[in-house]
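The structure under discussion appears below in the form of structure tokens.
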Amino acid sequence: MAKEITRADIMDMAEYAKVRAEKRRALVDVKRNRRVPLGPHATFYFENYETMWQQIHEMLFIERGGEAQIPDELEAYNPLIPNGRELVATLMFEIDNPVVRKNVLSKLGGVEETGFMRFAGHEIVAKAEEDVDRTTADGKASSVQFLHFNFSDEQAKAFAAPGTEVVLGLKHPGYAHMTILPEAVREALSKDFD
């Protein structure tokens, strides 16, 4: 599996328009076992080459920035493709009501530092993407966070073993929630390892 999207992987937008609906439908199946709700407001979306390829194409299609936009999209989304022994997730706090959203996020500063996975005697603490600070000086968290879970060879092997119970969670005092990954999700994510 390719670990980086290059200029050569980008379709012409006129050609993409012809297959866009089909590509979007196909991605629904890919994403089905890569989405993990956590608590009342958060969802982890585990990314891979296919999800990022689609995201780049959607950005190019919608924004119509042409050739000049491509390098920026590749730079933004390539780091979210798992590479080697890692899983990468977009953590989103999805709250429709703007008042509730502002209230919840104002209490979640630093939430990006509290993600974890626990399984088979191992615990992996997420590392936040360092492109920008996603917590403001006054302690308000961004509604979108990008997290990397880096595994050793031993941890990747344990995670990939059929039937391994994997707990995914956040330890933030304002949003302390955990869930067990469904087996189909664990299996799909284990394919992200080299």
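Would it be correct to say that residue 128 is without any contact (Cβ under 8 Å) to a residue 40 or more places away in the chain, under 22 Å from residue 166 (Cβ atoms), in contact with a helix residue (DSSP H, G or I) (Cβ under 8 Å, 6 or more places away or on another chain) and of a type outside the set (S, T, N, Q)?
So residue 128 fits the description; yes.
Restricting to the stretch 159-194, name every residue that is within 24 Å of residue 79 (Cβ to Cβ) and among the aliphatic types (A, V, I, L, M).
160, 166, 168, 170, 181, 185, 188, 189
Which condition does residue 40 not pass, out of (1) more than 27 Å from residue 185 (Cβ to Cβ); (2) surrounded by fewer than 17 Cβ atoms within 10 Å (Cβ to Cβ), if it passes all the others?
The single condition residue 40 does not satisfy is (1).
Restricting to the stretch 8-26, what's the tally of residues that are touching a residue at least 40 places away in the same chain (Cβ under 8 Å) and within 22 Å of the chain's Cα centre (by Cα)? I'd like the intermediate steps shown before the answer.
Residues of the stretch 8-26 that are touching a residue at least 40 places away in the same chain (Cβ under 8 Å), as a first pass: 9-11, 13, 16-17, 20.
Still in the list and also within 22 Å of the chain's Cα centre (by Cα): 9-10, 20.
Adding up the residues that qualify gives 3.
Answer yes if at least one residue in the stretch 49-70 is in a strand (DSSP E or B), modelled with pLDDT of 90 or more and in contact with a Phe, Trp or Tyr (Cβ under 9 Å, 6 or more places away or on another chain), and no otherwise.
No, the conditions are met nowhere in the stretch 49-70.
Restricting attention to the stretch 136-145, and to residues there that are modelled with pLDDT of 70 or more and closer than 12 Å to residue 106 by Cβ, which single residue is farthest from the chain's Cα centre (by Cα)?
Of the stretch 136-145, the ones modelled with pLDDT of 70 or more are 138-145.
After this cut, where a residue has to be closer than 12 Å to residue 106 by Cβ as well, the list is 138-143.
Working: 138: 25, 139: 22, 140: 20, 141: 17, 142: 14, 143: 13 Å.
So the residue we want is 138.
Given the conditions (1) surrounded by fewer than 11 Cβ atoms within 10 Å (Cβ to Cβ); (2) closer than 30 Å to residue 174 by Cβ, which single one is not true for residue 35?
(1)
Which of the residues belonging to the stretch 36-59 are more than 20 Å from residue 101 (Cβ to Cβ) and touching a residue at least 60 places away in the same chain (Cβ under 8 Å)?
So in the stretch 36-59, the residues more than 20 Å from residue 101 (Cβ to Cβ) come out as 36, 46-59.
Of everything in the stretch 36-59, those that are more than 20 Å from residue 101 (Cβ to Cβ) and touching a residue at least 60 places away in the same chain (Cβ under 8 Å) turn out to be 36, 46, 48.
Just checking, does the stretch 27-45 include any residue being modelled with pLDDT of 90 or more, basic (Lys, Arg), more than 16 Å from the chain's Cα centre (by Cα) and part of a helix (DSSP H, G or I)?
no
In the stretch 1-44, which residue that is touching a Phe, Trp or Tyr at 6+ places or on another chain (Cβ under 8 Å) and of a type in the set (A, V, I, L, M, F, W, C) is nearest to residue 88 (Cα to Cα)?
Among them, the one singled out is 36.
Only one of these conditions is not met by residue 94: (1) closer than 30 Å to residue 8 by Cα; (2) under 15 Å from the mean Cα position of the chain (by Cα). Which number is it?
So residue 94 meets the others, but not (1).
Checking residue 96 against (1) free of Cβ contacts under 8 Å to residues at least 24 places away in the same chain; (2) over 15 Å from residue 42 (Cα atoms); (3) charged (D, E, K, R), only one condition comes out false. Which one?
Among (1) free of Cβ contacts under 8 Å to residues at least 24 places away in the same chain; (2) over 15 Å from residue 42 (Cα atoms); (3) charged (D, E, K, R), the lone unmet condition for residue 96 is (2).
The values are calculated or read from the model by the stated rules, or taken from the named source; none is laboratory data. Values in this document were obtained by computation on a predicted structure and should not be read as measured data. Every residue, glycine among them, receives a Cβ derived from its backbone with ideal geometry; neighbour counts consider all protein chains shown.
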